[in-house]
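In what follows, a structure is listed as structure tokens, so that the remarks can point back to it.
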Number of protein chains: 2
Amino acid sequence: MNLQDELTQRATQFNDYWQQYLKKGTPEVLYDAARHLPLAGGKRIRPFLAMMACESASGDAAPVMPFAAGLELMHNFTLVHDDIMDHSLIRRNLPTVHKKYGVPAAILSGDLLFAKSFQAVLDVSVDFPTFKKLEHAFVNCIIAICEGQQLDIDFEQRKRVTEQEYLAMIGKKTGALFELAAQGGGLIGGGSPQEVAALTTYGAILGLAFQIWDDYLDMSSDAATLGKDIGNDIRNGKKTLIAVHSFAHANGKHKKVLDDIFGNRAATDHEVQKVYDLFVELGSVEYARQRAVSYTHEAKDAIAVLKDTPAKKLLHHLIDYTIQREK
Amino acid sequence: MNLQDELTQRATQFNDYWQQYLKKGTPEVLYDAARHLPLAGGKRIRPFLAMMACESASGDAAPVMPFAAGLELMHNFTLVHDDIMDHSLIRRNLPTVHKKYGVPAAILSGDLLFAKSFQAVLDVSVDFPTFKKLEHAFVNCIIAICEGQQLDIDFEQRKRVTEQEYLAMIGKKTGALFELAAQGGGLIGGGSPQEVAALTTYGAILGLAFQIWDDYLDMSSDAATLGKDIGNDIRNGKKTLIAVHSFAHANGKHKKVLDDIFGNRAATDHEVQKVYDLFVELGSVEYARQRAVSYTHEAKDAIAVLKDTPAKKLLHHLIDYTIQREK
């Protein structure tokens with residue numbers, strides 16, 4: 001079983017399915033803006049995770065499809081709004097929504113995707129108690145993402161952030177949605193409380209590994225590979241695990257380099273390189289890589305209780321893939 | 001029965017109730033930003049409408065309270081985001097959320113209020129089919145509001161807007177939420193299909209009257225009374241019913257005044273006054289007033305089928321109040 005093939009096949013299946021929530025409409029600019037990012041591609045990892053979680057519990061991923069659509073709509077809504085806040089200009093190799101359609105249409109199209117995400121969840125066929133559980137989890141996830149994004153912004157203004165604070169932040173900003181995907185898949189698949197709990201833990205840890213690997217990739221790839229402005233994180237003073245580790249381990253001379261350049265929006269490419277070199281020298285880039293790797297072991301342990309199924313194998317492959325991907 | 005006393009009493013009751021959705025939290029700036037507008041007061045007309053609709057059907061407003069909270073949270077979320085798009089600096093006599101907390105926290109706190117609105121709807125105690133009907137209506141209302149706001153923005157860029165286009169726009173931007181309030185109240189109160197339909201129509205028409213009266217007030221009050229920048233609508237080229245009527249009835253000389261000044265953000269107070277005088281001269285201000293009045297008759301007709309109850313009387317008073325209020 002090849003994960004890449006499975007990912008591609010499931011993504012195609014998912015893309016066909018969620019079209020129903022991404023139809024054109026009027027006013028055109030609103031719907032064009034709302035469709036821009038969802039139709040720009042993406043690996044559909046969260047829908048894939050929900051499918052695998054549901055399949056691991058019930059043997060069938062079909063019932064989770066509307067929920068998976070809700071997850072991906074919600075994910076895209078948060079990206080559209082985040083890009084405004086972060087002044088990001090490129091995503092998925094295309095101009096961001098606010099860059100292409102302006103801030104007002106970007107705010108509104110994010111809100112529209114947000115509303116559509118609930119429309120999708122309403123299409124899930126489960127009993128009322130399960131539905132309420134699902135939707136509470138859905139709402140709580142959005143709240144966590146808002147809190148995480150605000151923490152991320154707050155951290156940029158702060159000189160120092162501890163590793164614990166960083167982990168709490170990405171747990172909300174990124175982990176919560178992976179957690180919800182796995183939990184929702186388990187619930188809709190009718191998993192036992194033990195299975196749902198195992199999947200929930202798996203999702204949360206996968207989210208941490210995913211985010212740390214993302215931060216790691218930002219620091220070890222070029223713009224062509226990543227499709228986003230490299231150096232952004234350094235210029236914005238983004239408190240990634242790498243930066244947090246470097247600040248904690250920098251001596252006086254290193255500290256001065258970090259204090260002078262890190263978070264300086266006008267930093268030159270040469271200065272950005274200097275900080276990057278320091279991140280490597282202090283072992284921070286390697287530290288982040290290792291942390292991501294160790295999370296993958298934890299995630300696998302978490303789902304040891306699941307029945308041995310092809311879906312469970314794919315969940316194993318998914319966690320391996322998380323720390324092997326190059327974009 | 002005095003409407004003002006009832007409004008005040010119900011608003012107090014409502015304010016006590018929805019506190020549970022407006023607790024402090026961390027990160028503080030996110031929750032402070034989210035609480036800013038909801039706690040800045042407001043007449044709570046939409047919750048009042050939901051209460052009266054529920055009471056007219058069942059004799060009791062208590063079951064509608066979580067839904068009313070959801071409505072008001074949703075209303076506040078749209079205001080927070082709209083103020084960013086409209087560059088508004090003052091609302092309810094206070095700085096707008098983005099003015100006080102910055103755009104990122106304002107976008108996020110709007111998203112948080114959005115999520116909380118669904119949290120509140122989840123607390124409604126009804127059977128599953130009614131719940132789904134309610135939430136579908138809730139989602140569709142948000143979609144309509146997004147569409148209406150985008151139309152409003154689009155209209156500012158256009159030279160001409162027809163009265164029909166204007167009415168469709170405010171029907172979405174403002175009417176949809178009043179419609180939802182009345183419909184939801186009727187559904188939660190267990191009203192007959194005929195009663196729910198009557199309330200729904202009443203709400204939609206009340207919304208139109210309310211918005212037209214708002215536009216009318218903007219053009220006939222001073223900044224101290226309204227708590228917002230007067231002239232904003234003229235400088236932004238806002239296509240109110242008054243402006244739409246004036247453009248439709250302006251002759252060559254008048255058209256030049258409108259074309260030169262209306263929508264010119266740098267217009268002086270004197271120029272704004274000139275446009276205002278033209279609005280009066282062309283009978284547009286009076287026309288808007290009369291349209292609002294005629295909607296009140298339609299709204300009353302719509303609920304003729306309701307049982308004669310104190311709540312129904314209050315719905316009559318509410319529609320009268322809509323076109324008597326001075327802020």
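Over the protein assembly as shown, consider all pairs of different Cα atoms and compute the Kirkwood hydrodynamic radius from their mean reciprocal separation; express it in Å, one decimal.
About 26.4 Å for the protein assembly as shown.
What net charge is computed for the residues neighbouring B:K312, neighbours being all others with C-beta under 14 Å from the C-beta of B:K312, Lys and Arg scored +1, Asp and Glu -1?
Numbers: positive: B:K300, B:K307, B:K313; negative: B:E6, B:E55, B:E195, B:D301, B:D308, B:D320.
Net charge around B:K312: -3.
Short version: ³J(HN,Hα) in whole Hz for each residue of the range B:302-307, in order, from phi by Karplus 6.51 cos²θ - 1.76 cosθ + 1.60 (θ = phi - 60°), x for Gly and Pro, what are they?
4, 9, 4, 6, 5, 4
Residue by residue through A:19-30, how many Cβ atoms from other chains fall within 10 Å of the Cβ on average?
Taking the mean over all residues of the peptide, I get 3.
If you keep only loop residues by DSSP, which trypsin sites (Lys or Arg not before Pro) in the range B:160-210 have at most 13 other Cβ atoms within 10 Å of their Cβ? Show your work: numbers first, answer last.
Values: sites: B:R160, B:K172, B:K173; in loops: B:R160.
Passing sites in the range B:160-210 are B:R160.
In terms of the Cα gyration tensor, with a ≥ b ≥ c the square roots of its eigenvalues, is the range B:26-182 rounded because a/c is under 1.5, prolate because a/b exceeds b/c, or oblate? Write out the running numbers ahead of the final one.
Working: a/c = 1.94, a/b = 1.20, b/c = 1.62.
Judged from the Cα gyration tensor, the range B:26-182 comes out oblate (a/c at least 1.5, b/c at or above a/b).
At what distance in nm do the modelled label points of B:E28 and B:L217 sit from each other, each positioned 7 Å from its Cα along Cα→Cβ?
Inter-label distance under the simple model: 3.4 nm.
How big is the range B:241-327 on each of its three principal axes, counting only the C-alpha atoms and giving the largest first in Å?
Principal axes ranked by extent give 53, 24, 18 Å for the Cα atoms.
At B:V305, with labels set 7 Å past Cα in the Cβ direction, how many nm apart are the copies from this one, shortest first?
From this label point to the equivalent ones elsewhere in the assembly: 5.3 nm.
Quantify how strongly other chains surround peptide B:114-127 by giving the mean number of their Cβ atoms within 10 Å of each of its Cβ atoms. Intermediate results must be reported in sequence, preceding the final value.
Details: counts 10, 12, 3, 1, 9, 6, 1, 3, 6, 1, 0, 0, 0, 1.
Going residue by residue through B:114-127 and averaging, the value is 4.
Enter the accessible area per residue of chain A (Å², integer; probe 1.4 Å; all protein chains in place). Provide the component values of the computation, followed by the final result.
Numbers: 12500 Å² over 327 residues.
Normalised by residue count, the accessible surface of chain A is 38 Å².
For helix A:310-322, what angle does its Cα long axis make with the longest principal axis of chain A, in degrees from 0 to 90 and rounded to 10?
Roughly 10 degrees between the two axes.
Where the centroid of each part is defined by its Cα atoms, how far is the range A:264-321 from the range A:228-257 in Å?
Centre-to-centre distance over Cα atoms comes out at 17 Å.
Excluding ligands and nucleic acids, what accessible area in Å² is computed for A:M169 using a 1.4 Å probe, to the nearest 10?
10 Å²
For a quick check of your reading of the filter: which trypsin sites (Lys or Arg not before Pro) in the range A:273-312 sit in a DSSP loop and have no more than 15 other Cβ atoms within 10 Å?
A:K307
Calculate, in nm to one decimal, what A:K256 and A:A62 gain on full extension: separation in residues at 0.36 nm each, minus their alpha carbon distance.
Gain in length upon complete extension: 64.3 nm.
What accessible area, in Å² to the nearest ten, does a 1.4 Å probe give for A:S192?
Around 40 Å² of this residue is reachable by solvent.
Which shape class applies to chain B: rounded if a/c is under 1.5, otherwise prolate when a/b exceeds b/c and oblate if not, where a ≥ b ≥ c are the square roots of the Cα gyration tensor eigenvalues?
Working: a/c = 1.98, a/b = 1.35, b/c = 1.47.
Here chain B falls in the oblate category.
What are the label-to-label distances in nm, one decimal and shortest first, from B:R158 to the same spot in the other copies, with labels 7 Å along Cα to Cβ?
Here the equivalent label points are 4.8 nm apart from this one.
Would you please name the trypsin sites (Lys or Arg not before Pro) within the range A:1-74 that are DSSP coil residues with at most 11 other C-beta atoms within 10 Å of their C-beta? Write out the running numbers ahead of the final one.
Values: sites: A:R10, A:K23, A:K24, A:R35, A:K43, A:R44; in loops: A:K23, A:K24, A:K43, A:R44.
Within the range A:1-74, the qualifying trypsin sites (Lys or Arg not before Pro) (loop, at most 11 other Cβ atoms within 10 Å) are A:K23, A:K24.
With every protein chain left in place, what is the accessible area of A:T26 in Å² (1.4 Å probe, nearest 10)?
Looks like 100 Å² after rounding.
Specify, for chain B, the residue whose C-beta is closest to the rotation axis mapping it onto chain A, with the distance given in whole Å.
Closest Cβ on chain B to the axis mapping it onto A, in Å: B:F128, 2.
Report ³J(HN,Hα) in whole Hz for each residue of the range B:65-75, in order, from the Karplus equation J = 6.51 cos²θ - 1.76 cosθ + 1.60 where θ = phi - 60°; Gly and Pro get x.
4, x, 5, 4, 5, x, 4, 6, 5, 5, 4
Which whole number gives the average, over all residues in A:131-140, of C-beta atoms from other chains lying within 10 Å of the residue C-beta?
Numbers: counts 5, 4, 0, 0, 6, 3, 0, 3, 9, 2.
Per residue, the average neighbour count from other chains is 3.
Round to a whole number: what % of the accessible area of the protein assembly as shown belongs to carbon and sulfur, probe 1.4 Å?
Working: 12770 of 25020 Å².
Reported share for carbon and sulfur atoms: 51 percent.
Pairs of alpha-carbon atoms within less than 8 angstrom and 6+ residues apart define the contacts here; what relative contact order does chain B have, in percent?
Once normalised by length, the contact order is 20 percent.
Which residues' amide hydrogens lie under 5 Å from the amide hydrogen of B:I90, considering only partners 5 or more residues apart or on another chain, with H built in the peptide plane?
Close amide H contacts, sequence-distant or interchain: B:T96, B:D229.
In nm to one decimal, list the spacings between the A:L89 label point and its equivalents in the other copies, with label points set 7 Å along Cα to Cβ, shortest first.
3.0
If one takes the longest principal axis of the Cα atoms in chain A, at what angle in degrees, from 0 to 90 and to the nearest 10, does the Cα axis of helix A:3-18 lie?
Roughly 70 degrees between the two axes.
Only Cα pairs within less than 10 Å get springs; with that Gaussian network setup on chain B, which residue of B:D82, B:D214, B:D269 has the largest fluctuation?
Per the Cα network of chain B with a 10 Å cutoff, B:D269 tops the list.
The values are calculated or read from the model by the stated rules, or taken from the named source; none is laboratory data. Computed from a predicted structure; not experimentally measured. No Cβ is skipped: glycine too gets one built from the backbone with ideal geometry, and neighbour counts run over all protein chains shown. Surface areas here come from the heavy atoms of the whole protein model, side chains and all, with no ligands, DNA or RNA. Shrake-Rupley method; radii C 1.70, N 1.55, O 1.52, S 1.80 Å.
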